[in-house]
Amino acid sequence: MNATDTGNPTSPSRFRTLKLVLLATVVAIVLVAAGYLTASIQGSSRIAAQTAEHEQALLAIQKDLQGTQQALASTIERNQLLSASAALYRTSVDLDERNFGTANAHVQEAAAAMAKAAQGAADPEFARLSTVLGQMNINVATDLEAQRSSVLQLAAEIDGLAQDSE
């Protein structure tokens, strides 16, 4: 047999073929690894871009949430003021009807609503009106004009606060 015989396992053409196959395999592995690395880097940059975009959206949502919470607090405060005012106007009607027990119940209702409004308010007028209403007591009397006037004056002051809170 000669040296170029392909049947011989140690022949140079067999080594050459083996080297080419091995080299092709190594090149294929390197190309696959390079492709994987490139895709991974692109994927990471896309994820980073999406993360930044989502963080900006989250910040915008949090800002909107804060605005909504402030608007809600303002609306609740105004609701409490209007409830106190309505209770005082009912007190005035009760006085006209000489129904002193119901008038006192409505004053207490107004005091409770004003106390809730005063809890979060920075304006000292809220606390003052809450204190005045908490101490108010409707007495049985023949001349109700002074009590009625006092009740209507408090209702007007509370209405003014409600107007300011719009």
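The values are calculated or read from the model by the stated rules, or taken from the named source; none is laboratory data. As the structure is a computational prediction, the values presented were derived from the model and not from experiment. When we count neighbours, we look across all protein chains shown, and the Cβ atoms used for this are built from the backbone with ideal geometry, even at glycine.
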Any residue at all in the stretch 97-108 that's surrounded by 12 or more Cβ atoms within 10 Å (Cβ to Cβ), part of a helix (DSSP H, G or I) and small (G, A, S)? yes
Unmet criterion (only one of (1) touching a His at 6+ places or on another chain (Cβ under 8 Å); (2) surrounded by fewer than 16 Cβ atoms within 10 Å (Cβ to Cβ); (3) charged (D, E, K, R)) for R90: (2)
Tabulated pairs, the stretch 136-155, first without any contact (Cβ under 8 Å) to a residue 12 or more places away in the chain, second surrounded by 12 or more Cβ atoms within 10 Å (Cβ to Cβ) and aromatic (F, W, Y), C-beta under 9 angstrom, 6+ apart or interchain: A141/F100
So, of the residues in the stretch 109-149 that are over 22 Å from S165 (Cα atoms) and surrounded by 17 or more Cβ atoms within 10 Å (Cβ to Cβ), which turns out to be farthest from the chain's Cα centre (by Cα)? L144
Among the residues listed as A117, A156, the single one being at pLDDT below 90 and assigned to a helix (DSSP H, G or I): A117
Matching option when the condition is modelled with pLDDT of 85 or more, more than 54 Å from the chain's Cα centre (by Cα) and either assigned to a helix (DSSP H, G or I) or not acidic (D, E) (or both), among L23, L65: L23
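Of the residues in the stretch 150-166, how many are over 17 Å from A105 (Cα atoms) and more than 27 Å from the chain's Cα centre (by Cα)? Step through it out loud before you land on a result.
First, pick out the residues of the stretch 150-166 that are over 17 Å from A105 (Cα atoms): 153, 156-166.
Cutting the leftovers down to more than 27 Å from the chain's Cα centre (by Cα) gives us 153, 156-160.
Within the stretch 150-166, residues that are over 17 Å from A105 (Cα atoms) and more than 27 Å from the chain's Cα centre (by Cα) number 6.
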Selection from the stretch 137-153 of residues that are modelled with pLDDT under 90 and aliphatic (A, V, I, L, M): I138, V140, A141, L144, A146
Need pairs with beta-carbon distance below 9 Å; first residue without any contact (Cβ under 8 Å) to a residue 60 or more places away in the chain and farther than 18 Å from N79 by Cβ and within the stretch 105-125, second acidic (D, E) and assigned to a helix (DSSP H, G or I); sequence gap 6+ or separate chains. A105/D94
